[in-house]
1. For segment A:1-19, name all the residues that are within 15 Å of DNA strand D (Cβ to nearest atom) and modelled with pLDDT of 95 or more.
2. If you go through segment A:22-29 one residue at a time, do you hit one that is open to solvent by less than 50 Å² (accessible area, probe 1.4 Å), of a type in the set (A, V, I, L, M, F, W, C), within 19 Å of residue A:115 (Cβ to Cβ) and more than 10 Å from DNA strand D (Cβ to nearest atom)?
3. Using the structure shown, decide if residue A:154 is closer than 17 Å to residue A:76 by Cβ and of a type in the set (Val, Ile, Thr).
4. Among the helices (runs of 4 or more DSSP H) confined wholly to segment B:123-196, which include 1 or more residues that are β-branched (Val, Ile, Thr) and touching a Ser or Thr at 6+ places or on another chain (Cβ under 9 Å)?
5. Yes or no: segment A:43-59 includes at least one residue that is open to solvent by less than 40 Å² (accessible area, probe 1.4 Å), assigned to a helix (DSSP H, G or I) and within 11 Å of DNA strand C (Cβ to nearest atom).
6. Please give the number of the condition residue A:104 fails out of (1) within 17 Å of residue A:72 (Cα to Cα); (2) surrounded by fewer than 20 Cβ atoms within 10 Å (Cβ to Cβ); (3) not polar (S, T, N, Q).
7. Would you confirm whether any residue within segment A:61-84 is within 16 Å of DNA strand C (Cβ to nearest atom) and closer than 18 Å to residue A:127 by Cβ?
8. Exactly one condition in (1) more than 11 Å from DNA strand D (Cβ to nearest atom); (2) open to solvent by 30 Å² or more (accessible area, probe 1.4 Å); (3) free of Cβ contacts under 8 Å to residues at least 40 places away in the same chain; (4) of a type in the set (A, V, I, L, M) is false for residue A:32; which is it?
There are 2 protein chains.
Amino acid sequence: MKRNQEETNATIRKLLEIARLHFTERGYADTALEDIVQEAQLTRGALYHHFRSKKGLFQAVLESVQQEVAEKVETQAAKSEDVWEQLALGCRAFVGAALEAQNKRILLLDGPAVLGWEEWRRMDEQHSMRLLREQLQGMQQQGQLKPVSIEALTHFLSGALNESALWIAQMADASQALEETAQMISLLLEGFRKPE
Amino acid sequence: MKRNQEETNATIRKLLEIARLHFTERGYADTALEDIVQEAQLTRGALYHHFRSKKGLFQAVLESVQQEVAEKVETQAAKSEDVWEQLALGCRAFVGAALEAQNKRILLLDGPAVLGWEEWRRMDEQHSMRLLREQLQGMQQQGQLKPVSIEALTHFLSGALNESALWIAQMADASQALEETAQMISLLLEGFRKPE
DNA sequence: CATTTTACATACATACTGTATGTATGTAAA
DNA sequence: TTTACATACATACAGTATGTATGTAAAATG
């Protein structure tokens, strides 16, 4: 029973949406494809028609989550003209976005484990990490950053932000933890600021 | 056929040893318990007698890996008297240990995903992270560190080191990447050093 | 209008975890 | 020395999950 283009897209979107909920709430390993398709009033045949495998489905979900987060980071960072403030705003936005809607599980825990670090990193590269690297590169070109390996610093900061997000997420007073982290990041960045 | 204490311990050690190899090489999800026990010339009954579940086995393996790494970090850090140098040495030792023997997969990828972040963090707490926190606390008490949340800084640094280790691990020239990171960490720590 | 393609459903093969049960052996107390 | 029980496994099986092969109805295509 062939559907038209719009119906097909709706099917895919529905599967992605429901899958995202299951992955966030139960995690990748404890999510059964059967449950997803039942909720979507479909069968596993439909799912396997649109996605190569369980991993393929997860990867598609991860991609959309990453896109969402990256957009928020970019929007927030753009609110300032000062490169240092942009960086701080971006970091803060990233941590905030990773927290909300419990994106952290897909983004930071199952992501690397399910797809493998290389694949996960490749995807992250095209979203949040790209923004971070470009920002740092720009700052160094403008002579505002001490001479340090941009690659090393990008990974270092990225990892720090990821773990910070996970830490903040489970703190009773998350907003205070976020404040402490933001303040600390400002202090840290001072170490890299090139004196005029 | 009851064995004596020593034989029993040997069985457990053998299972742990083989399991560790499988987890490092194939990852948690792609490791079949059946393969492990066959290699140990046992059956799954034996494994389930000594370990509660697949997760239980993994947790036991993770614990031993963490212990190994923590010992190396402690040994290295103790080689200096200066607290700042201790910190730098410790960071470097951690990254090095996470790399070698491909510990990274158990330690940093499957660890958090399989056991959940809270449980993983609780375990890490008692090993590498404890060292890091104590070091930072000591430094702050000695007035060598700017007034910043130790908790926030500990998590931030820990995450940064973890991601750096994963990054370095897959670089063609790992030793150079390690150098760049070490150099960057020194620079970064400057930002936190309290002026005399 | 005939044919092909698409979007699914259905049925089944395969694989793996976990559990229930059986059994031989060691140990401690009666 | 017998008895009672715990321990260390083996064996068999149940349950559940992914993935694959095949069937089918309807839209698209020529």
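The values are calculated or read from the model by the stated rules, or taken from the named source; none is laboratory data. Small disclaimer: the values here were computed from a predicted structure and weren't measured. Positions of Cβ are generated from backbone atoms using ideal geometry, with glycine treated the same way; all protein chains shown enter the neighbour counts. Side chains included, ligands, DNA and RNA excluded: accessible areas come from the protein's heavy atoms. Shrake-Rupley method; radii C 1.70, N 1.55, O 1.52, S 1.80 Å.
1. Answer for segment A:1-19, where residues must be within 15 Å of DNA strand D (Cβ to nearest atom) and modelled with pLDDT of 95 or more: A:15, A:18, A:19.
2. yes
3. Taking the combined requirement at face value, the residue does not satisfy it.
4. Once the helices (runs of 4 or more DSSP H) in segment B:123-196 are filtered for at least 1 residues that are β-branched (Val, Ile, Thr) and touching a Ser or Thr at 6+ places or on another chain (Cβ under 9 Å), what remains is B:150-169, B:174-190.
5. Scanning segment A:43-59, I find at least one residue that is open to solvent by less than 40 Å² (accessible area, probe 1.4 Å), assigned to a helix (DSSP H, G or I) and within 11 Å of DNA strand C (Cβ to nearest atom), so the answer is yes.
6. Failing condition for residue A:104: (2).
7. As a first pass, look at segment A:61-84 and keep what is within 16 Å of DNA strand C (Cβ to nearest atom): none.
No: segment A:61-84 contains no residue that is within 16 Å of DNA strand C (Cβ to nearest atom) and closer than 18 Å to residue A:127 by Cβ.
8. (1)
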